[in-house]
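The values are calculated or read from the model by the stated rules, or taken from the named source; none is laboratory data. Treat the numbers as computed from the prediction; the structure is a model and nothing was measured. Backbone-built Cβ (ideal geometry, glycine too); neighbour counts: all protein chains shown. Accessible surface areas use protein heavy atoms only, side chains included; no ligands, DNA or RNA. Shrake-Rupley method; radii C 1.70, N 1.55, O 1.52, S 1.80 Å.
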Amino acid sequence: MEYLKIFKQKSFSCALSEPIDETLKLHLLREDGQEDLTFALWIPSEGKNRFTAIIKEVIFPEKGDRNVHGNVSYNYEYLLRVCRTALKKGYGVALLHSHPISFGWQGMSDDDKSTEMKTFVNAFSTTELPFVGMTLGNDGYWSSRIWYYGEDEDIIYKWSESVKVVGKKLQPFFNDKILPATKPNGQTIRTVNVWGEEQNDDITRLRVGVIGLGSVGSVVCEMLARMGISKFVLIDYDTVKKHNLDRLCGVFKDDIGERKIDVIKRNIEKSSTSNNLEIEIADKHIANEVAYRLSLDCDVLFSCVDKPWGRYILNHIAYAHLIPVIDGGISIEFDDNKKLNFADWTVHTVSPGRPCLHCLNAYHSSDVELEKQGLLEDTSYIQGLPDNHHLKNRENISPFSFNLASMEVLHFMALVANLVEPEYYGEQKYRFKHGFLSRNYDVECEKNCDFTNHVGVGDSIFELFFSENEEPKS
Ligand SMILES: [Zn+2]
Ligand SMILES: [Zn+2]
């Protein structure tokens, strides 16, 4: 009944990493053109409005586990073995099969339905978790649904709105019946000419979260709104201050004192070229459960926070929940005579297959602890630091942050549109003092990195930070 309640309120989606997608395609799309199947295990990633099943590991059939003969079928022993492993690990069971001569989003045949219904009964009685069915078309297009008990213990299923393959690129597969494409309305002719109508259908269906609506986040929102993005999640707990007016995009004197989420939401509504705009907002720190769950509804996140704790949490989400994060930061230093030592801004996309923010030194772990203790907002603590300490950094100018925002949106395009070579989109750093852009794609995560060693663990490793009504000290 617990899941009945969840699926009455929330949409359903599936996510898998690029390496898992590759091994599944090798197995399921057979050279002899026959249908095939395999079991896998999944982990929940529960957002505020969307429940995602992350395919964590595949348990391929061994000899004698299945019969390949037109309509493939599995032997009971194989299912039992999978259920036992799922129970031991606390994961759910998924059954994946191929439709060798079909393309695009797949429906279920009567055989598919009866097989999945029977599998659900066995899987649920062992794991007490819903069961996930997935189908792979010959073109590599995924479709999926989730099975659970209805009101009167009847067995029901819900189609997913999307399946996503996540790695150096983000490949979404959408269910047109639940999330239909928005056709361009004439305002974005030049934009659509860049990536074509087919990709525009996918890109404009993505839900994009922007965490931090300051000098970078406000510009990112403006660009995404103009590009036709229709689903936004905005997270920021701050209000507009007088000293923000030199750097916020679309924010004016009259807005002083208003919540940034309200002002930026209004700006997006004005700038949007989409016919079906949806904006969700949270005036919370990302460490608060409300904001955290809302970010799990997203397909891509922009990390525009200026403090380390938010970066740390977003780094966790990128790997554990398979939601790519595009992060940027500005670093400026003056010497004792107020002469500029350097002004650099750096942008990275973090997702499975790429190095994480911790290993890229995008934040200092020791600063995360300081922020948790409220010391970053403690004026006497900050004043006590040496003059050129990075935490004392209070210089910035709009061309720096607008340039960084543009570079972040270029990373977004590299991630979601097939226009560039994603390998080139490692760490990029603009060095203002020397006037050039440097590229760094040699960094790898440390061997024992906590983030890249926990790809796709979803809610199974969950650090709850704040409950709904608590606020961070900052
Ligand atoms: Zn089938
Ligand atoms: Zn790492």
State whether the residues of the range 374-389 include one that is away from ligand 1 (no atom under 16 Å from the Cβ), on the phi > 0 side of the Ramachandran plot and open to solvent by 60 Å² or more (accessible area, probe 1.4 Å). no
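Just name the residue that is nearest to ligand 1 (Cβ to nearest atom) out of those in the range 132-149 that are over 23 Å from the mean Cα position of the chain (by Cα) and under 30 Å from Leu87 (Cβ atoms).
Only one residue tops the list, namely Trp147.
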Odd one out for Gly250 among (1) assigned by TED's automatic domain parsing to the domain that holds Pro324; (2) out of contact with any Asp or Glu (no Cβ under 8 Å at 6 or more places or on another chain); (3) surrounded by fewer than 18 Cβ atoms within 10 Å (Cβ to Cβ): (2)
List, please: which pairs have Cβ atoms under 6 Å, are six or more places apart or on different chains, and start with a residue in the range 359-372 that is on the phi < 0 side of the Ramachandran plot and end with one that is open to solvent by 60 Å² or more (accessible area, probe 1.4 Å) and within 16 Å of ligand 2 (Cβ to nearest atom)? Cys359/Glu446
The range 342-361, residues that are closer than 14 Å to Gly329 by Cα, more than 10 Å from ligand 2 (Cβ to nearest atom) and either hydroxyl-bearing (Ser, Thr, Tyr) or in contact with a Pro (Cβ under 9 Å, 6 or more places away or on another chain) (or both): Thr346, His348, Thr349
When you look at Ile281, is it among the hydrophobic types (A, V, I, L, M, F, W, C) and part of a strand (DSSP E or B), yes or no? yes
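Tell me, which residue of the range 340-373 that is small (Gly, Ala, Ser) and touching a Gly at 6+ places or on another chain (Cβ under 9 Å) is most open to solvent (accessible area, probe 1.4 Å)? Break it down into steps so the answer makes sense when it comes.
Pass one, the range 340-373, residues small (Gly, Ala, Ser): 343, 351, 353, 362, 365-366.
With the extra rule that they be touching a Gly at 6+ places or on another chain (Cβ under 9 Å), the set shrinks to 351, 353, 362.
Numbers: Ser351: 0, Gly353: 61, Ala362: 25 Å².
Checking each candidate, the answer is Gly353.
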Scanning the range 11-38 for residues that are hydroxyl-bearing (Ser, Thr, Tyr) and more than 16 Å from ligand 1 (Cβ to nearest atom), the one farthest from the chain's Cα centre (by Cα) turns out to be Thr23
Scan the range 316-323 and tell me whether some residue there is open to solvent by 20 Å² or more (accessible area, probe 1.4 Å) and among the hydroxyl-bearing types (Ser, Thr, Tyr). no
Can you tell me which residues in the range 403-430 are among the acidic types (Asp, Glu), closer than 19 Å to Glu444 by Cα and assigned to a helix (DSSP H, G or I)? Glu423
Out of (1) under 31 Å from the mean Cα position of the chain (by Cα); (2) in contact (Cβ under 8 Å) with a residue 12 or more places away in the chain, the one Val72 does not meet is (1)
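Suppose the filter is more than 16 Å from ligand 2 (Cβ to nearest atom), of a type in the set (A, V, I, L, M) and over 28 Å from the mean Cα position of the chain (by Cα); does Val121 pass it? Before you say what the answer is, go through the steps one by one.
On the way: more than 16 Å from ligand 2 (Cβ to nearest atom): yes; of a type in the set (A, V, I, L, M): yes; over 28 Å from the mean Cα position of the chain (by Cα): yes.
Criteria met by Val121.
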Name every residue in the range 150-167 that is under 22 Å from the mean Cα position of the chain (by Cα) and either of a type in the set (A, V, I, L, M, F, W, C) or at pLDDT below 95 (or both), in order of residue number. Trp159, Val163, Val165, Val166
Any pair with Cβ under 7 angstrom, 6 or more apart, that starts in the range 334-348 at a residue that is under 15 Å from Phe402 (Cβ atoms) and ends at one that is open to solvent by 40 Å² or more (accessible area, probe 1.4 Å) and in a loop (DSSP other than H, G, I, E, B): Ala343/Phe432; Ala343/Lys433
Hey, which of the strands (runs of 3 or more DSSP E) in the range 97-189, taking only ones fully inside, have at least 2 residues that are at negative phi and open to solvent by 30 Å² or more (accessible area, probe 1.4 Å)? 155-159
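Table: residues versus (1) more than 19 Å from the chain's Cα centre (by Cα); (2) within 21 Å of Asp327 (Cα to Cα); (3) among the aliphatic types (A, V, I, L, M).
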{"position": "Val194", "(1), (2), (3)": "yes, no, yes"}
{"position": "Leu206", "(1), (2), (3)": "no, yes, yes"}
{"position": "Leu213", "(1), (2), (3)": "no, yes, yes"}
{"position": "Val220", "(1), (2), (3)": "no, yes, yes"}
{"position": "Ile229", "(1), (2), (3)": "no, yes, yes"}
{"position": "Phe232", "(1), (2), (3)": "no, yes, no"}
{"position": "Ile235", "(1), (2), (3)": "no, yes, yes"}
{"position": "Val251", "(1), (2), (3)": "yes, no, yes"}
{"position": "Asp254", "(1), (2), (3)": "yes, no, no"}
Across the range 268-314, the tally of residues that are open to solvent by 10 Å² or more (accessible area, probe 1.4 Å), touching a Gly at 6+ places or on another chain (Cβ under 8 Å) and among the aliphatic types (A, V, I, L, M) stands at 1
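Answer yes or no as to whether Lys265 is touching a residue at least 12 places away in the same chain (Cβ under 8 Å), surrounded by fewer than 20 Cβ atoms within 10 Å (Cβ to Cβ) and in the same structural domain as Gly209 (by TED's automatic domain parsing). Steps first, please.
Details: touching a residue at least 12 places away in the same chain (Cβ under 8 Å): yes; surrounded by fewer than 20 Cβ atoms within 10 Å (Cβ to Cβ): yes; in the same structural domain as Gly209 (by TED's automatic domain parsing): yes.
It is true that Lys265 is touching a residue at least 12 places away in the same chain (Cβ under 8 Å), surrounded by fewer than 20 Cβ atoms within 10 Å (Cβ to Cβ) and in the same structural domain as Gly209 (by TED's automatic domain parsing).
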Within the range 446-456, does at least one residue satisfy the condition of being surrounded by 13 or more Cβ atoms within 10 Å (Cβ to Cβ), among the charged types (D, E, K, R) and either touching a residue at least 40 places away in the same chain (Cβ under 8 Å) or touching a Lys or Arg at 6+ places or on another chain (Cβ under 9 Å) (or both)? yes
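Answer yes or no as to whether Ser102 is in the same structural domain as Arg145 (by TED's automatic domain parsing) and either more than 16 Å from ligand 1 (Cβ to nearest atom) or closer than 30 Å to Gln9 by Cα (or both). Break it down into steps so the answer makes sense when it comes.
Working: in the same structural domain as Arg145 (by TED's automatic domain parsing): yes; either more than 16 Å from ligand 1 (Cβ to nearest atom) or closer than 30 Å to Gln9 by Cα (or both): no.
For Ser102, the condition - in the same structural domain as Arg145 (by TED's automatic domain parsing) and either more than 16 Å from ligand 1 (Cβ to nearest atom) or closer than 30 Å to Gln9 by Cα (or both) - is not met.
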